[in-house]
Structure formats: C-alpha cells, structure tokens
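Reading through the structure tokens given below for one structure.
The values are calculated or read from the model by the stated rules, or taken from the named source; none is laboratory data. Bear in mind the structure is a predicted one, so any value in this text is a computation, not a measurement. When we count neighbours, we look across all protein chains shown, and the Cβ atoms used for this are built from the backbone with ideal geometry, even at glycine.
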Ligand code: SF4
Ligand code: SF4
C-alpha cells in the first residue's frame, strides 16, 4: 500500500530545484545575449550615459525624450509589488543574480566540482577548513569564480556601455579608466559577496527583504509548513517563538497522528539557515529546497509533503483553496496594464527631431523704421538614422524669418546650434503701456520629409511698448 502510494508521490516528480536550474539558465542566457541583439542600431535596453540615450525595446530616446523613464520605474516598482503579493520572494529564489551566483559557487563549484562540501542537501555543514586540501580547493573555487565575476560585471556594464563600444574602449584603457575601474569594482564586490557575505546579503543587506512582509497576505504563494498534519514544532509569536520538539517521539507525543518525522531535511537544505516549520520568516527566499526535501521524505512514506509551495490559507490554516484572483492582485494587474498602455502611447509619440529654442539676453532690437527684431538660440537635433535638411515657419503672418535664411543640413543623430532672428514687419501691438509678450508657434520640419518629421514649439516675441519703441527709434 505504502509502496504504491510512494510511487504516486514520487513518480515522474521533477524537483523544484531542477526547475529552478532551468530558470537560472534562461535568466543567464537572456542577460548575456540581450546586450548583443540590435535592431537597426538600437538595443533592447541600454542606458547610455556616454551618448546620453536610452534604448528601450529597440527604440532610441535622447535625454530630452526621457518621458518614458517614469513609466519604466513605475512598471519596475509596481511589478515587484505585484509579484511579491502574488508569489512572495519568487524573484529572490528563481531569478535574482545573487541566488544564481550562490548556487553556482556553493552547489556547483564547492560541492559538485571540487567536493569541498559533501552534499548539496546539507547547506548547514561547513567544510572542514583544518584540511589543507580544502583550503587549496577553495582557492581554486575563488579563482574560477573571480573569472566568472569579471564576465558578470562586464555583462552588467553592457547595459550602460554597449558591447560594440565596450571592446573598443578596452583597447584604449588609459582613456577609459572609469569604465574599467567600475567593472573591476563590481567584480571585486561579487567575489566578496558570493564567497564571504553569502546569504547574509539576502537576510541583512537587501532592502527588498525588509519591505516584502508588508505585501504578503494569507493567499501569497510561498513555502509553507502544514502544522495541522505535521504537528506543532514551535510555540509563541514573532521573535518569542521557540522550538518545543526536537525528536519524532516528541511530535508523536502531542498527537500520534502527527506526521513530521523531525528528520530536519528541510532545515539542513535551507540556504538561508532557517526552519520553515517556524512559519513565515523574512529570510525565506522562496527557493523551495525545503519543499523538495520534505517531498522526498514524505513521498518515501507514501504521503504528500508537509512543506508545500502554497499559501497560509490553504496549507497552514486549512481554510480553503488559495485565492489567486483576489482584489489586490486584480488591482495590481489593472494598474500595470494602464501604465504599460500609457508607456506605449508615449513611446509611439517619439519625435524624429528635437528642438530647444531659448531667447537671447537682449529684449529686442528696434530699427529707425519701427521694425522690431527678437533673437533666439535654437538647438536643432536630428534623432533620425539619416541626414535631413531642416527649416521652420512661424504662425504669425506679420513676423518674418530673418535668420537663418536657408534650410540647413544636419547629419544623422547630430545637432546644430542656429541663431534665429525674427522680425515683426508690422506693429504686433499698439497703444501698449508695457512691453508685450506675443505668443508665437514655430513649426520646424525636415524639408525632405515634412510629413514624418515636423514638430511645434511655443516661444514668445517681445514687442516694445509705444514709449520704449519711440525711445529706441530715436537712437
Ligand atoms: S525556508 Fe529556506 S529552503 Fe525553504 S524556501 Fe525558504 S529559503 Fe528556501
Ligand atoms: S522534512 Fe518534512 S518530515 Fe522532515 S522535519 Fe521537515 S517537515 Fe518534518
């Protein structure tokens, strides 16, 4: 009977650990490959301080066009809140570089490759450091990880300095000491973090662990121990919680039907050194190693695991099925959809030219014949991939363009400063006691493609009062 049931629970079982490895491989491949993929000259994501550009979804935005940045930040934060409310620290266990690096270092390098640690199922037992052999092997592990950390640091950098520039800059290190220093600094931090700080980073340093608990509710998915089936292992509340049983006989003494064998497989395997039977803890990164451990122990006894990837409602309180589509989650999904839609709308309004027009310091110039001129400094920027000829018009028929007289060429992704002089051919205001700001709209466009490249900017033309105009005309 037990053998048949055991087959049921363990047959075809793919541990969460293996699924996590696949998630790690996918995340690593995406992180490494993404900076190399280009559509036209644009990357999927690149925040390039060098050229003052943001590339997002293969669209290039100049610094003046960073109106999608607030939406990106909103998506990031709301996305983290939504994911945490839905699935706890799933990011930490399944995709965070810190966890991936620790698994690579501790479980692959230290345990599988070099045998410094005996078993990936016991993460509590430290290697025997009195053995010289282990010290030498640890040195080898650090060297291998240092090389990998350099690759990881370079990969991180490629989201700020694209690979095509990065390798060019490496050939001339004396001129790019900041970039090289940054990569070396990140690599050094990764070595210190992964080799010495370890999971203390997740527990004490990472701010995410501090905020996550306020986002949880009783339907949040996480590793949960079933105290009703397994038996009570801890008593008390919060910090006061203390262990009341250590052996199976103590568990059975509470109730002969209690199922926890007190084998502590779930405790030994935990990378953050906690006991999931104590309930929800900030340190839990949702890696589900304890679920795998108990699934094997209980599966061999022909029973379902006592630690499940589930919710407090379903597994701890036995108060019904987990509510996946609850108001909080639907609210997050709604807000995220709106922000995403707004971001696409804003992104689609990307202009193929930019223009800044600033009035010069002189108010106006008045000629003896009564004509009035205003001067401005215009910064025209061609954000398109090919060169264009640019010119502009003004919406007031009584104002003419004195300078520049002709359309002018700007190379692809280049900018040009132009002095703009506008002249009022006829009086714009009469009988005014004060100088008057007359609103004017400039329509700048590419002469060769006005349909696609055409933008409007509002400026003011300062027209003198009658008294000021008369005074200047006399000079
Ligand atoms: S209790 Fe430990 S092993 Fe279990 S999911 Fe949390 S961090 Fe992982
Ligand atoms: S692995 Fe399961 S049976 Fe063993 S101590 Fe943990 S909860 Fe109890």
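May I ask you to list the residues in region 279-304 that are touching a residue at least 40 places away in the same chain (Cβ under 8 Å) and farther than 27 Å from residue 101 by Cβ?
279, 298, 299, 300, 301, 302, 303, 304 - these are the residues of region 279-304 that are touching a residue at least 40 places away in the same chain (Cβ under 8 Å) and farther than 27 Å from residue 101 by Cβ.
Looking at the structure I just gave you, is residue 140 in a helix (DSSP H, G or I), in contact (Cβ under 8 Å) with a residue 24 or more places away in the chain and not assigned by TED's automatic domain parsing to the domain that holds residue 264?
Answer is no for this residue.
Can you tell me which residues in region 450-465 are in a loop (DSSP other than H, G, I, E, B) and surrounded by fewer than 15 Cβ atoms within 10 Å (Cβ to Cβ)?
Hits for region 450-465 are 450, 451, 452.
Report yes if residue 199 is in contact (Cβ under 8 Å) with a residue 24 or more places away in the chain and in contact with a helix residue (DSSP H, G or I) (Cβ under 6 Å, 6 or more places away or on another chain), otherwise no. Give the steps one after another, and end with the answer.
Details: in contact (Cβ under 8 Å) with a residue 24 or more places away in the chain: yes; in contact with a helix residue (DSSP H, G or I) (Cβ under 6 Å, 6 or more places away or on another chain): no.
Here the answer is no, as residue 199 does not meet what is asked.
Pick out, from region 27-84, the strands (runs of 3 or more DSSP E) lying fully within it that include 2 or more residues that are touching a residue at least 60 places away in the same chain (Cβ under 8 Å) and over 16 Å from the mean Cα position of the chain (by Cα). Lay out the reasoning, then the answer.
On the way: elements: 45-48, 53-56, 59-62.
Hits in region 27-84: 59-62.
Among the residues of region 237-263, which ones are away from ligand 1 (no atom under 16 Å from the Cβ), within 18 Å of residue 290 (Cβ to Cβ) and either outside any loop (DSSP other than H, G, I, E, B) or in contact (Cβ under 8 Å) with a residue 60 or more places away in the chain (or both)?
248, 251
Quick one: which residue in 333, 412, 341, 387 is without any contact (Cβ under 8 Å) to a residue 40 or more places away in the chain and within 28 Å of the chain's Cα centre (by Cα)?
341
Just one of the numbered conditions (1) surrounded by 14 or more Cβ atoms within 10 Å (Cβ to Cβ); (2) closer than 23 Å to residue 439 by Cα is not true of residue 405; which one?
Answer for residue 405: the failing condition is (1).
Of all residues in region 268-289, count the ones that are farther than 11 Å from residue 225 by Cα and away from ligand 2 (no atom under 13 Å from the Cβ).
So the count comes out to 10.
Tell me the helices (runs of 4 or more DSSP H) entirely within region 264-362 that contain at least 3 residues that are surrounded by 15 or more Cβ atoms within 10 Å (Cβ to Cβ) and either in the same structural domain as residue 376 (by TED's automatic domain parsing) or more than 16 Å from ligand 1 (Cβ to nearest atom) (or both).
So the answer is 327-348.
Checking residue 245 against (1) in contact with a helix residue (DSSP H, G or I) (Cβ under 8 Å, 6 or more places away or on another chain); (2) more than 14 Å from ligand 2 (Cβ to nearest atom); (3) at pLDDT below 90: exactly one of these is not met. Which one?
For residue 245, the exception is condition (2).
Could you tell me whether residue 148 is touching a helix residue (DSSP H, G or I) at 6+ places or on another chain (Cβ under 8 Å) and outside the structural domain of residue 200 (by TED's automatic domain parsing)?
So residue 148 does not fit the description; no.
Just to check your reading of the model, which residue among 134, 119 is without any contact (Cβ under 8 Å) to a residue 12 or more places away in the chain and either surrounded by 14 or more Cβ atoms within 10 Å (Cβ to Cβ) or part of a loop (DSSP other than H, G, I, E, B) (or both)? Please lay out each step first, then the result.
Details: 134 fails: without any contact (Cβ under 8 Å) to a residue 12 or more places away in the chain.
Going through 134, 119 in turn, the sole match is 119.
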